[in-house]
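The values are calculated or read from the model by the stated rules, or taken from the named source; none is laboratory data. All values reported here derive from a predicted model rather than from experimental measurement. Positions of Cβ are generated from backbone atoms using ideal geometry, with glycine treated the same way; all protein chains shown enter the neighbour counts.
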Amino acid sequence: MTTSPDTRSGSASIETTDSARPYSATWHAQLKTTLGEAVCQRLGIYTIPDDLVTSVVIPVYNEQSTLLHCLERVLAVPIRKEIVLVDDASTDGTRDILEALGQTHPSDADNEIRVFYHDHNQGKGAALKTAFEQVQGEVVIIQDADLEYDPSEFPSLLHPIIAGTADVVYGSRFLGDHAHRVLYYWHYLGNRFLTALSNCFTNLNLTDMETCYKVFRRSVLDDITPTLKQCRFGIEPELTAKIARRRARIYERSISYAGRSYEEGKKIGWRDGLVAIWCILRFGVAD
């Protein structure tokens, strides 16, 4: 017997036969018969095509303490995926972990791991661009290498794209129906301000522009990637402005959030907020 993945809507699990792989057509049909279509829709129980490959891109910089735990959580998500890690010249031993992944975490039928390295530190945006240039899957999702975001929520984020209603999905920390760690008030206000300012220039009504969890159809990224300019955290407003300019269909899904304190390794600071303001103004005008 196998157990279905956490649907994030309750603690009870649903047992299925070994032949009914989570998110397979058989699994979906069995649960729809048992629970009904309305309940399945509410719990995010649907079919993910067997031939769909999701590219999970993970920018990495000095994440020795969390990288393996994060990677194992990504590997555990029961969907076909390639995992593209880009090390941005880490100095804390992270690179040694990545170089050993071929032995410690070999690729299998559901998971292909690919690792790329920067010779010098360039920033999150540069690492993402390197990853975007290498992805091979039909759908691409950004995952940070820390433990702030929960990979078990991938199926929920993928759903609007697989259903054919969205080209891009943002995971929002502020929609309100998932748990999030209580941390910095001024960070919260800063995020809301940057999102509101971005919305003024993009004419979107996003609730969380700065979120890590952004999911794209590959075709959207193929058009945007050659134009990306920001090497650090300014990549977030840049991506948002360019997605909006191309009139991609954008959805938001609520996500949980376990934010880190600065003592635990949080890297973004007030200077990055100033850069984000400049990027919102700059890319709100033109690519």
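Quick notes on this structure:
- Each residue in region 234-279 was checked for being touching a Gly at 6+ places or on another chain (Cβ under 7 Å), hydrophobic (A, V, I, L, M, F, W, C) and either modelled with pLDDT under 80 or in a loop (DSSP other than H, G, I, E, B) (or both), and 1 pass.
- Scanning region 89-128 for residues that are surrounded by 21 or more Cβ atoms within 10 Å (Cβ to Cβ) and not aliphatic (A, V, I, L, M) turns up 90, 94, 124, 125.
- Per-region count, region 32-45, residues hydrophobic (A, V, I, L, M, F, W, C) and under 18 Å from residue 77 (Cβ atoms): 2
- Listed conditions (1) among the β-branched types (Val, Ile, Thr); (2) at pLDDT 95 or above; (3) touching a Leu at 6+ places or on another chain (Cβ under 9 Å); (4) more than 25 Å from residue 48 (Cα to Cα) are all met by residue 141, apart from (4).
- Residue within region 216-232 that is surrounded by fewer than 22 Cβ atoms within 10 Å (Cβ to Cβ), under 14 Å from the mean Cα position of the chain (by Cα) and assigned to a loop (DSSP other than H, G, I, E, B) present: no
- Filtered residues of region 23-46 (kept if part of a loop (DSSP other than H, G, I, E, B) and either within 20 Å of the chain's Cα centre (by Cα) or farther than 16 Å from residue 155 by Cα (or both)): 23, 36, 44, 45, 46
- Residue check for residue 141: hydrophobic (A, V, I, L, M, F, W, C) and under 14 Å from the mean Cα position of the chain (by Cα): yes
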